[in-house]
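Down below is the structure, laid out as structure tokens.
The values are calculated or read from the model by the stated rules, or taken from the named source; none is laboratory data. Since the structure is predicted, the reported quantities are computational estimates derived from the model, not experimental observations. When we count neighbours, we look across all protein chains shown, and the Cβ atoms used for this are built from the backbone with ideal geometry, even at glycine. The area values use the complete protein model at the heavy-atom level, side chains included, leaving out ligands, DNA and RNA. Shrake-Rupley method; radii C 1.70, N 1.55, O 1.52, S 1.80 Å.
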Amino acid sequence: MWLDNRDVWPDGMWLRAALSRLLGVDDDAPDALLPRMWRQHGEGALFSLYSCRLAEGLS
């Protein structure tokens, strides 16, 4: 999956966060996603590996 999305997420941030959660590692990888999540929400986008717009009136 990472190979298919390396142009969208070249730093592998989502992969590190997912592995951190899966392996139970307590690090800051999930917290590193927060600024990006807030930015996407502010732009009316769903937090996703791919660009997805939220329906009107839901953001």
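Computed quantities for the displayed model
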{"quantity": "Cβ-Cβ under 7 Å pairs, at least 6 apart or on other chains, region 25-51 side on the phi > 0 side of the Ramachandran plot, far side of a type in the set (D, E, K, R)", "calculated": "GLY44/ARG53"}
{"quantity": "Qualifying residue in region 11-18 (condition: exposed (fewer than 11 other Cβ atoms within 10 Å of the Cβ) and out of contact with any Lys or Arg (no Cβ under 8 Å at 6 or more places or on another chain))", "calculated": "yes"}
{"quantity": "Residue in region 32-46 that is nearest to ALA18 (Cα to Cα), counting only those that are open to solvent by less than 80 Å² (accessible area, probe 1.4 Å) and outside any helix (DSSP H, G or I)", "calculated": "LEU33"}
